[in-house]
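See below for the structure under consideration.
No value in this document is a laboratory result; all are computed from the given coordinates. Source: prediction; values computed, not measured. When we count neighbours, we look across all protein chains shown, and the Cβ atoms used for this are built from the backbone with ideal geometry, even at glycine.
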Amino acid sequence: MLMVLIRIRMLILMVLPALVLAACGGGTSPSEPQQAPMDATGYFSRGNDYAQKKDYDRAIADFSQAIALNPGYIEAHNNRGLAYAMQGEYDRAIADFDQAIALKDDYLFAYHNRGLAYAAQGAYDRAIADYDQAILLDSTSAGVYNHRGLAYYEQGDNDRAIADLNKAIALDPRNAMAYHNRGLVYAHKGRYDQAIADYTEAITLSPDTAPPYYNRGEAYVQAGEKEQALADFRRFLELSDDADWRQKARAQLQSLEQTAP
């Protein structure tokens, strides 16, 4: 079993800071949140500070106050949606992205983020439709191609998935998650050498990210490379704090150790 659930959560985690900063324009640095905002912009800025500190309850409260003071504040709807998504409240997140799009129908970030929320719910057709719209608005976004490729993979459309992930890598050769996700597709197609190569590149670019180690370990198992698989599952356990997947990794280790010569 490949790491589908961890991967989806990681994608949302990775995209949040970039999209919040993009929505901010200039934004503020993630220093101590300012005190007693007097207007919508102040609440929005402090909400961004809280979001970057992963204090999503306070971030949502400040974005809500910004919206109460300025109901047409597109970025506040977008960023509150992101904060809801980080808490797993995808319906509320989608409602905020809907409102951002209603206010500005060419708002790239809201389409991208709504696509992520739909994907997290398993609504891949809707996710792909939003990614399509985001690409129409900006055909140079490696992140959108990466996420659309992942959605195609989840639907079993491996050829389209690889095409999108190739495009993501061409646009951003240092996009670790695009290599990781292309590795997932290659593994699903039984092309384990190519999967291992992509997982290895993802690890080179982001050595402290856990999922590529687990998935490369599985590819090594399929390729009959037990020692490499053992090393990857052990490294995964050092990096991951996800209880369910740690249990799976320990089971993999136990199975490999029992069959080792």
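Some values worked out for this structure:
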quantity: Estimated D of the chain in µm² per second, where Rh is the Kirkwood radius over Cα pairs and Stokes-Einstein applies at 25 °C, 0.890 mPa s; calculated: 127
quantity: Proxy reagent accessibility, fewest Cβ within 10 Å first, across S139, S64, S45; calculated: S139, S64, S45
quantity: Whole-Hz ³J(HN,Hα) from phi, Karplus 6.51 cos²θ - 1.76 cosθ + 1.60, for region 198-205, glycine and proline x; calculated: 6, 4, 5, 5, 4, 5, 4, 6
quantity: In region 150-246, the trypsin sites (Lys or Arg not before Pro) that fall in loop regions by DSSP, at most 14 other Cβ within 10 Å; calculated: R174, K189
quantity: Cross-link table K226/K248; K53/K226; K189/K226; K167/K189, entries beyond 28 Å C-alpha to C-alpha; calculated: K53/K226
quantity: Counted charge near A40, where neighbours are those whose Cβ lies closer than 14 Å (Asp, Glu -1; Lys, Arg +1); calculated: -1
quantity: Convex hull projection area averaged over all views, region 44-190, Cα basis, nm²; calculated: 8.6
quantity: Residue of A129, A243, A168 that the Gaussian network model of the chain assigns the largest fluctuation, springs spanning Cα pairs under 10 Å; calculated: A243
quantity: Inter-part distance where region 152-198 and region 226-254 are each reduced to a Cα centre, Å; calculated: 22
quantity: Net charge over other residues, Cβ less than 10 angstrom from the Cβ of A119 (K, R count +1; D, E count -1); calculated: +1
quantity: FRET efficiency, Q254 to K189 (Cβ-Cβ, R0 35 Å, nearest 0.05); calculated: 0.80
quantity: Residue-count net charge about L237 - beta-carbon cut-off 9 Å; Lys, Arg +1, Asp, Glu -1; calculated: +3
